[in-house]
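What follows is a single structure, written as structure tokens, with notes after it.
The values are calculated or read from the model by the stated rules, or taken from the named source; none is laboratory data. These numbers were taken from a predicted model, which means no experiment stands behind them. Note that we place each Cβ from the backbone using ideal geometry, even for glycine, and neighbour counts take in every protein chain shown. We work out accessible area using only protein heavy atoms, side chains counted, and drop any ligands, DNA or RNA first. Shrake-Rupley method; radii C 1.70, N 1.55, O 1.52, S 1.80 Å.
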Amino acid sequence: MIQLEGLTKRFSNGKGIFDIQFEVQAGKVFGFLGPNGAGKTTTIRHLMGFFHPTKGTAKIDGMDCWQDAARIQEKVGYLPGEIALMENMNGLDLIRLICDMRRLKDRKRRDELIERFQFDPDVPIRKMSKGMKQKVGIILAFMHNPEILILDEPTSGLDPLMQKTFVELLEEEKIQGKTILMSSHMFQEIDRTCDQVGLIKEGRMITVNDVAEVRKQQQKVFVVTFGSVQEVEKLKTADLLVRHQEGSRVEVVIRDDYPLFLKTLASLDVQNLDLHTQSLEELFMHYYEQEGRS
Amino acid sequence: MIGALYRTMIKTNGKLMLYMGLGSFVIMAAYVALFPTIANQNMDQLLKSMPEGLLKAFNLSDGLNTLNGFLVAEFYSMIYLILLIVYSVLTANHLVSRLVDRGSMAYLIATPNSRLRVITTQMLFSLTGLVFISVCIVLGALVSDAWLIDTSMLEMDRFLQINVIGCLTFAVICAYSFLFSCLFNDERRALSISASITIIFLILDIVGKVSEDLDWLRNFTLFHAFDPAKISDGTVKVLPLSIGLAGASIFLFVLSAIIFKRKDLPI
């Protein structure tokens, strides 16, 4: 449904995206993962026909994203990464404008979404909080029941409760067979919904893989505090990777050796166990190292 | 052209043109209504004591003894220009580069409408405002001339010619402001370039009129095309000039549309 072939965009400062290649099949959810500034938004802008590629092509449903941009929009719902709604109007005016520009007659879905996200559409846009604007963006992207959804960091700006509502919405769309591409800089955000994950760094794809595979490869860091330093020595005899030690507090890196880790811990005097939050690079050290070696 | 977008633009950006239209209607009506009182006070005697260059700069050389001459001197030489410069430059900026700079253009382009249709709608809106303000000005004068003063004093043909040429001159200003608005993604940059160019045109025109020696400067300003005193004299060939101005603005608008269609939009 979505195909990128050797997509390259070189900006005048030498940065950009280079030879991006992946395919999202109909009905699949693709998580586009990368740190900030890696080129996720640039790639998405090509899909939307905002950017003209230097080289390569981006296609949606067989149509060229630059040439046939307007026709493609009939099937696509888009949520921009930066919420920049038009000002001088209220939320409902903007929603109505986009409805009319889409020649959308059926307003049922729209009203349903407004209800669901508990959003007051009569508030002037300039008085809206970031979260409210994000809700307007979500309604604009979903109200015409598009076959394909392109979502650039969709949950940023939403509070945890609304994030949950949004993930539920995504899961429903997925069941209906929608093709979804969503970008994120946090694996946890896409872990639940995505079938496939594409990792991008500094404008280049590092890997495209099934989410289950990627999940296996991700490493987690647990911070364990023991009752005494002797306990740490006992832990070290097990075949586990201890990254850092500070007295009786250690950081253990785990990829898929959970059973061993748990067994070892069970026999020791553990006082506290915490999950260390990591950047994408840490989470997928394995892939990044491979990339570095090749 | 997209009807829904056009109506939204009227709602969100229409205030500026509405206020300017109503304002100029009132100013124009007031000038026409005041004219008989001023004409009786032998203003011409006073004017004759002033230097020639200065009179020319403010289109006063015709004197103030006809209503047309009075309006040319009092309204079309400065207030009119400032009013429409502000409108043309600001509107062009709000309609394209502001939306691109702030990113909200994304929502418009992400609908099944081509960029060409979006940009044509914005162009038509900017021209609508220009025509609306021009019509308000003309109506202000006509209404006042017909009902507020005893005998009608407006030379209608020449008066309409001034407004048509004025409107077409500003269509060119709208068009090049639009061009810069399409060219630059930075709102402030687009605004400052179109504003500076227009102000330079205005200064060249005034300086060229004040000094005989610097008359050649006027060849480099668009305002050379709009000389209300000469149109009032009847020494301007109105038809070829109108065609020329219309052609120039169409050319610039088409060029802006092509640029907007082909550019990368960082939205």
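Tabulated data
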{"item": "Estimated vicinal HN-Hα couplings, Hz - the stretch A:62-76 in sequence order (Karplus 6.51, -1.76, 1.60; Gly, Pro = x)", "result": "x, 9, 6, 5, 8, 5, 9, 3, 5, 5, 4, 4, 4, 9, 10"}
{"item": "Three-way shape label, chain B, alpha-carbon gyration tensor, a/c 1.5", "result": "prolate"}
{"item": "FRET efficiency, 1/(1 + (r/R0)^6) with R0 45 Å, evaluated for B:ARG7 and A:ARG249 via beta carbons", "result": "0.10"}
{"item": "Neighbour net charge for B:ALA195 - beta-carbon separation under 15 angstrom, K R +1, D E -1", "result": "+1"}
{"item": "Buried accessible area, chains B and A (both chains, 1.4 Å probe, Å² to nearest 100)", "result": "2400 Å²"}
{"item": "Within the protein assembly as shown, percent of DSSP bridges classed antiparallel, to nearest 5", "result": "65 percent"}
{"item": "Whole-percent carbon and sulfur share, accessible surface of the protein assembly as shown, 1.4 Å", "result": "55 percent"}
{"item": "Neighbourhood net charge (9 Å Cβ-Cβ; Lys/Arg +1, Asp/Glu -1) for A:LEU7", "result": "0"}
{"item": "Amide H partners (placed H, <5 Å) of A:ASP61, local residues excluded", "result": "A:ILE2, A:GLN3"}
{"item": "Protection proxy ranking of B:185-191, A:241-247 - average other beta-carbon atoms within 10 Å, highest first", "result": "B:185-191, A:241-247"}
{"item": "Gap separating the Cα centres of the stretch B:77-107 and the stretch A:43-95, nearest whole Å", "result": "25 Å"}
{"item": "Number of partner chain Cβ atoms within 10 Å, mean per residue of A:83-91", "result": "5"}
{"item": "Karplus-derived HN-Hα couplings along the stretch B:249-258 (A = 6.51, B = -1.76, C = 1.60, θ = phi - 60°), whole Hz, x at Gly and Pro", "result": "5, 4, 4, 5, 5, 4, 4, 4, 4, 5"}
{"item": "List of the stretch A:59-77 residues, accessible area with partners at least 50 Å² below that of the chain alone (1.4 Å probe)", "result": "A:TRP66, A:ALA70"}
{"item": "Rule-of-thumb Rg ratio for the stretch A:2-209 [Cα; 2.2 N^0.38 Å; N residues]", "result": "0.99"}
{"item": "Angle in degrees between helix A:130-142 and the longest Cα principal axis of chain A, rounded to the nearest 10", "result": "60 degrees"}
{"item": "For B:97-103, mean number of other protein chain Cβ atoms within 10 Å", "result": "3"}
{"item": "Calculated FRET value between A:ILE175 and A:GLU74, using beta carbons and R₀ = 35 Å, to 0.05", "result": "0.95"}
{"item": "1.4 Å probe, heavy atoms, protein only - residues of the stretch B:221-267 losing at least 40 Å² accessible area vs chain alone", "result": "B:ASP264, B:ILE267"}
{"item": "Pairwise FRET efficiency - A:ASN272 versus A:GLU5, Cβ, R0 = 51 Å, nearest 0.05", "result": "0.55"}
{"item": "Environment charge of B:ASN93, counting only residues whose C-beta is closer than 14 Å and scoring Lys/Arg +1, Asp/Glu -1", "result": "+1"}
{"item": "Between 0 and 90°, nearest 10: helix B:156-183 axis offset from chain B longest Cα axis", "result": "30 degrees"}
{"item": "Centre separation in Å (Cα based) which lies between the stretch A:116-146 and the stretch A:154-187", "result": "15 Å"}
{"item": "Other protein chain Cβ atoms within 10 Å, averaged over every residue that makes up A:43-56", "result": "3"}
{"item": "Residue-normalised accessible area of the stretch A:219-261, given per residue in Å² at a 1.4 Å probe", "result": "52 Å²"}
{"item": "Lysine pairs in the stretch A:126-175 with Cα atoms under 18 Å, if 8 or more residues apart or on separate chains", "result": "5"}
{"item": "For chain B: lysine pairs under 18 Å (alpha-carbon distance), excluding those fewer than 8 apart on one chain", "result": "5"}
{"item": "Angle between chain B longest axis and helix B:115-143 axis [Cα atoms, degrees, rounded to 10]", "result": "20 degrees"}
{"item": "Rounded to the nearest 10 Å², the accessible area of A:ASP120 at probe 1.4 Å", "result": "80 Å²"}
{"item": "In order through the stretch A:206-211: 3J(HN,Hα) via Karplus (6.51 cos²θ - 1.76 cosθ + 1.60), integer Hz, x for Gly, Pro", "result": "9, 6, 10, 8, 5, 4"}
{"item": "Nitroxide proxy distance, nm - points 7 Å out along Cα→Cβ at A:ASP100 and A:VAL123", "result": "2.5 nm"}
{"item": "Protection proxy ranking, peptides B:201-207, A:135-141, average beta carbon neighbours within 10 Å, highest first", "result": "A:135-141, B:201-207"}
{"item": "A:GLU112 paired with A:GLN188, simple spin-label distance in nm, labels 7 Å along Cα-to-beta-carbon", "result": "3.1 nm"}
{"item": "Rg in Å to one decimal, and Dmax rounded to a whole Å, for the protein assembly as shown via C-alpha atoms", "result": "32.5, 112"}
{"item": "Partners for A:LYS75 among aspartates and glutamates (Cα-Cα distance below 15 Å; same-chain residues under 8 apart left out)", "result": "A:ASP61, A:ASP64, A:GLU147, A:GLU173"}
{"item": "Amide H partners (placed H, <5 Å) of A:LYS28, local residues excluded", "result": "A:ILE180"}
